[in-house]
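K.L.:
Take a look at the following structure, please.
The values are calculated or read from the model by the stated rules, or taken from the named source; none is laboratory data. What you see is a predicted model; the values in this text were computed from it and never measured. No Cβ is skipped: glycine too gets one built from the backbone with ideal geometry, and neighbour counts run over all protein chains shown. SASA here: full protein model, heavy atoms, side chains in, ligands and nucleic acids out. Shrake-Rupley method; radii C 1.70, N 1.55, O 1.52, S 1.80 Å.
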Amino acid sequence: MPNSTAISPLTLKRMSALIAENSISSILPEYDQSNEGVINLLASWCNDLGFDVSIMPIDDQPGKFNLLATYGQGSGGLVLSGHTDTVPCNPEKWTSDPFTLTERDGKLYGLGTCDMKGFFALALEAIEQVKHQTFHQPLMILATADEECSMSGARALSKQTGPNGRYAVVGEPSSLRPVRMHKGIIMDSIRVTGRSGHSSNPALGINAMDAVHDVMGELKALRLDLAERYQDAHFAVQTPTLNLGCIHGGDNPNRICGSCELAYDLRALPGMSNDDLREEIRRRMNPIAAQNQVELSFEQLFSGVEPFAESEHSELIKEAERLTGATSVAVNYATEAPFLQSLGMETVVLGPGNIDQAHQIDEYLALDQIEPCVNIVRNLIERFCLTKQD
Ligand SMILES: [Zn+2]
């Protein structure tokens, strides 16, 4: 284990233990792991600190759990939230073992150091520093399952008990800069079913690929329409995006293509709604089905994430900006923030580490992020849990 001076031995020990627990989530069963090991570690540490801990299984996903730990009584308060899973990795390409926390060149390497199991260890460090004070509002730690593939943990929250705080911090790597906006994500597909036949006579079949050509044309027209209707200067890419991502269909040049599927990714701006967009796409596709005499079926590759925006005037955003000395920003990745916000909490994304290191070989958390992060979290606890709120 590393023995850095920038981080307390206890926090280092906790971070090492979290990294050592393989909690990869993946839509591919051969990579997918339970997150129970990480949940159990957090549960035992939170128990020792005097939290009330509840572990909540995710429906229809054996081995996947959310954890909610509450310190102090009453209403309101602060939720420190993170996901327990990581993306898969290629251990053979790493300089050191991804499951062994390793210090080199002022950085802590390991899978999940910055995205984002490391955040839990730092949040606990901040709690250690204030645990003997009087809590006027509760502090909650929320740890979710499967953020990296389905967001099923965050999605389950609306059906589970709590959290019912007033403020929520999602500790995703934001280089300790408050994030108050991101786009949504839709990943859907359209399957076109025609009828195959010998290529020598078009009347022998209905060509699904011809119809997909029209589908693509309509999606490109929608992309232009959306870009005209919606812009937001907070974002580096100021319009919604619609990417035609992959296409699979047909088998042979001399057969009429009987079936073809197109998958796309649509990222909406705050103020837009995924449901409305899906509805609009269906409406625009119906005439194509009729003209081409094909059947269309629509599939969601995952349920999607809504766009997220928190008001720049929110207490939480203002406090986060004051503590970090940084203006809040919009980012080009999605998080669990809209799920927490939909539970009625003011929500900010704010955590240690750089998103550029997430999902990368040799993922690391820079040591110089650690003390500032602990201080920011401790200050947020002082402000929202230790100070009496109206
Ligand atoms: Zn993450």
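K.L.:
Yes or no: the range 99-109 includes at least one residue that is part of a strand (DSSP E or B) and within 16 Å of the ligand (Cβ to nearest atom).
P.N.:
Let us first name the residues in the range 99-109 that are part of a strand (DSSP E or B), namely 102-104, 107-109.
This time we only want the ones that are within 16 Å of the ligand (Cβ to nearest atom), so: none.
Within the range 99-109 (the criterion being part of a strand (DSSP E or B) and within 16 Å of the ligand (Cβ to nearest atom)), the answer is no, since none of the residues qualifies.
K.L.:
Going residue by residue through the range 48-66, is there one that turns out to be more than 14 Å from Gly171 (Cβ to Cβ) and assigned to a helix (DSSP H, G or I)?
P.N.:
Taking every residue of the range 48-66 in turn, at least one turns out to be more than 14 Å from Gly171 (Cβ to Cβ) and assigned to a helix (DSSP H, G or I).
K.L.:
Still on this structure, please answer the following. Tell me which residues, restricted to the range 157-182, are away from the ligand (no atom under 13 Å from the Cβ), modelled with pLDDT of 95 or more and in contact with a Ser or Thr (Cβ under 9 Å, 6 or more places away or on another chain).
P.N.:
Across the range 157-182, the qualifying residues are Arg166, Tyr167, Ala168, Val169, Leu176, Arg177, Pro178, Arg180, Met181.
K.L.:
Search the range 183-193 for residues being away from the ligand (no atom under 16 Å from the Cβ) and open to solvent by 20 Å² or more (accessible area, probe 1.4 Å), and hand back the single one that is farthest from Ile39 (Cα to Cα).
P.N.:
Thr193
K.L.:
Among the residues of the range 222-269, what is the count of those that are among the charged types (D, E, K, R) and assigned to a loop (DSSP other than H, G, I, E, B)?
P.N.:
Qualifying residue count for the region: 2.
K.L.:
So which of Thr193, Thr241 is within 28 Å of Glu336 (Cβ to Cβ) and β-branched (Val, Ile, Thr)?
P.N.:
On inspection, the qualifying residue turns out to be Thr241.
K.L.:
Looking at the range 135-147 only, could you name the residues that are within 16 Å of the ligand (Cβ to nearest atom) and assigned to a loop (DSSP other than H, G, I, E, B)?
P.N.:
Ala145, Asp146, Glu147
K.L.:
Here's another thing I want to ask about it. Tally up the residues in the range 23-47 that are more than 19 Å from the chain's Cα centre (by Cα) and in a loop (DSSP other than H, G, I, E, B), please.
P.N.:
Going through the range 23-47 one residue at a time, the tally reaches 2.
K.L.:
Looking at Gly353, Gly325 in this structure, which one is touching a residue at least 24 places away in the same chain (Cβ under 8 Å) and on the phi > 0 side of the Ramachandran plot?
P.N.:
Sole residue among the options that is touching a residue at least 24 places away in the same chain (Cβ under 8 Å) and on the phi > 0 side of the Ramachandran plot: Gly353.
K.L.:
Okay, next question. Residues to consider are Ser81, Ser75, Ser54, Ser150; find the one that is surrounded by fewer than 24 Cβ atoms within 10 Å (Cβ to Cβ), touching a residue at least 24 places away in the same chain (Cβ under 8 Å) and within 16 Å of the ligand (Cβ to nearest atom).
P.N.:
Result: Ser150 is the single residue among Ser81, Ser75, Ser54, Ser150 that is surrounded by fewer than 24 Cβ atoms within 10 Å (Cβ to Cβ), touching a residue at least 24 places away in the same chain (Cβ under 8 Å) and within 16 Å of the ligand (Cβ to nearest atom).
K.L.:
Scan the range 89-98 and tell me whether some residue there is open to solvent by less than 50 Å² (accessible area, probe 1.4 Å), modelled with pLDDT of 95 or more, out of contact with any His (no Cβ under 8 Å at 6 or more places or on another chain) and more than 16 Å from the ligand (Cβ to nearest atom).
P.N.:
For the range 89-98, residues open to solvent by less than 50 Å² (accessible area, probe 1.4 Å), modelled with pLDDT of 95 or more, out of contact with any His (no Cβ under 8 Å at 6 or more places or on another chain) and more than 16 Å from the ligand (Cβ to nearest atom): present.
K.L.:
Check off (1) outside any strand (DSSP E or B); (2) touching an Asp or Glu at 6+ places or on another chain (Cβ under 9 Å) for Ser81 and give me the number that stays unchecked.
P.N.:
Failed condition: (1).
K.L.:
Here are some residues: Glu346, Glu319, Glu336, Glu306. Which one is surrounded by 15 or more Cβ atoms within 10 Å (Cβ to Cβ), closer than 21 Å to Leu142 by Cβ and touching a Pro at 6+ places or on another chain (Cβ under 7 Å)?
P.N.:
Glu306
K.L.:
Turning to a different aspect of this structure: Among the strands (runs of 3 or more DSSP E) lying completely within the range 157-210, list those that include at least 2 residues that are over 20 Å from Glu346 (Cα atoms).
P.N.:
In the range 157-210, 186-193 are the strands (runs of 3 or more DSSP E) which contain 2 or more residues that are over 20 Å from Glu346 (Cα atoms).
K.L.:
OK, next. Going residue by residue through the range 232-251, is there one that turns out to be crowded, with 18+ Cβ neighbours inside 10 Å, β-branched (Val, Ile, Thr) and under 27 Å from Arg195 (Cα atoms)?
P.N.:
No, the range 232-251 contains no residue that is crowded, with 18+ Cβ neighbours inside 10 Å, β-branched (Val, Ile, Thr) and under 27 Å from Arg195 (Cα atoms).
K.L.:
Now for a different question. Tell me which residues, restricted to the range 4-20, are free of Cβ contacts under 8 Å to residues at least 40 places away in the same chain and open to solvent by 50 Å² or more (accessible area, probe 1.4 Å).
P.N.:
Taking the range 4-20 and keeping what is free of Cβ contacts under 8 Å to residues at least 40 places away in the same chain, we get 5, 9, 13, 17.
Within the range 4-20, Thr5, Pro9, Lys13 meet the criteria.
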